Amino acid sequence: MIKLGIAGVCGKMGRRIFELASADGEFELTLGLEKKGTTLIGKQLGKLKVSSGPDGIFLIDVFIDFTTPEASEANLDYAAKYRKALVLGTTGFNEAQLNKIKETSKVVPVVFSPNMSVGINILFSVLPEIARRLGPDYSIEIVEAHHKFKKDAPSGTAKKMAQVLSVATKKEIPTHAIRLGDIIGDHTVIFCGNSERIEIKHQAHSRDLFALGALKAAKWVFGKTPGLYSMQDVLS
């Protein structure tokens, strides 16, 4: 059984990861971490007591973090100090923070992906091939939409799509961000030629696809050697 810790356990993503992990017999929920001042600190979430301190991290096997760049930066220190595997789904990191993730992965195994969904990660693989086969006569742009509370724009997923397409086309890919209502996550890649247009769209209907992907990654990374891994590695 994998002893699991969850950062941001009272947030929307953290709570759903907690609920799905609670129903999965391969996990034992051992640590629920939240920022200081959260009203549920010290209270029970199922059989788990919510904590604001990282001391309990020594009890876990794998730590899942979908929080903020600042919180994740501190959690990277905890994971490295206690030698715990990490599944990291936070987005919006700056260059220094990205370098810290790489340094941490030299000490512990880290699965880092801007999007844990199976469908999106398949798109990361197939989009470059589509771009190469269509050729330079087709222009490419990306439009992404999320809820009004999402802080980073464009999304980490859109940035990753733009990156893999840029490598394939040797061109910069324009990306547009929309922040409205309660949209969980929509990503559209538009390939446009002179006489036709191809649109490839991924829509998230529920946060469950991200939570389930994170739990799949947690099972995969348990027992792995240190290194920086992606969901492509998990799915392979």
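Derivation of every value follows stated rules applied to the coordinates shown; laboratory data play no part. Since we're looking at a predicted model, the values are computed, not measured. FYI the Cβ positions are ideal-geometry reconstructions off the backbone, even for glycines, and counts take in every protein chain you see.
Over 32 Å between Cα atoms: which of K81/K201; K43/K160; K106/K201; K47/K224; K36/K150; K3/K100 fall into that group? The answer is K81/K201; K43/K160; K106/K201.
Modelled label positions at D55 and L180, each set 7 Å beyond Cα in the direction of Cβ, lie 4.9 nm from each other. Amide H to amide H, with H built 1.01 Å from N, I6 comes under 5 Å of L31, G32, L33, I64, counting only residues 5 or more places away or on other chains. Antiparallel beta bridges, as assigned by DSSP with both residues in the chain, represent about 35 percent of the total such bridges. Over the residues of the chain, the helix contribution to mean residue ellipticity at 222 nm works out to -11000 deg cm²/dmol, using -39500 (n - 2.57) for each DSSP H run of at least 4. Here the extension length gained between K170 and L228 equals 18.4 nm, from 0.36 nm per residue of separation less the Cα-Cα distance. Helix 156-169: angle to the longest alpha-carbon principal axis of the chain, degrees 0 to 90, nearest 10? It works out to around 40 degrees. Ordering F124, G223, I173 by the projection of their Cα atoms onto the charge dipole of the chain, which places +1 on the Cβ of Lys and Arg and -1 on the Cβ of Asp and Glu, puts G223 at the extreme positive end. Distance from the Cα centroid of region 82-105 to that of region 137-167 is 21 Å (rounded to whole angstrom).
What the phi angles of region 2-15 give under the Karplus curve with 6.51, -1.76 and 1.60, with θ = phi - 60°, is a coupling list of 8, 7, 10, x, 10, 7, x, 5, 9, x, 4, 6, x, 5 Hz, glycine and proline written as x.
The mean sequence separation of alpha-carbon pairs under 8 Å and at least six residues apart, normalised by the residue count of the chain, gives a relative contact order of 20 percent. Based on alpha-carbon atoms, the Kirkwood radius and the radius of gyration of the chain give Rg/Rh equal to 1.00. Taking a virtual spin label 7 Å from the Cα of L98 along the C-beta vector, which residues in region 210-236 bring their backbone nitrogen under 19 Å of it? Only 227-233 fall inside the zone, counting backbone N under 19 Å.
Reported value for region 118-204: 85 Å³ per residue, from the convex hull of its C-alpha atoms. Of all DSSP-defined beta bridges confined to region 32-113, some 20% are antiparallel rather than parallel. Length gained on full extension, R133 to L40, computed as 0.36 nm times the residue gap minus the Cα-Cα distance: 28.2 nm.
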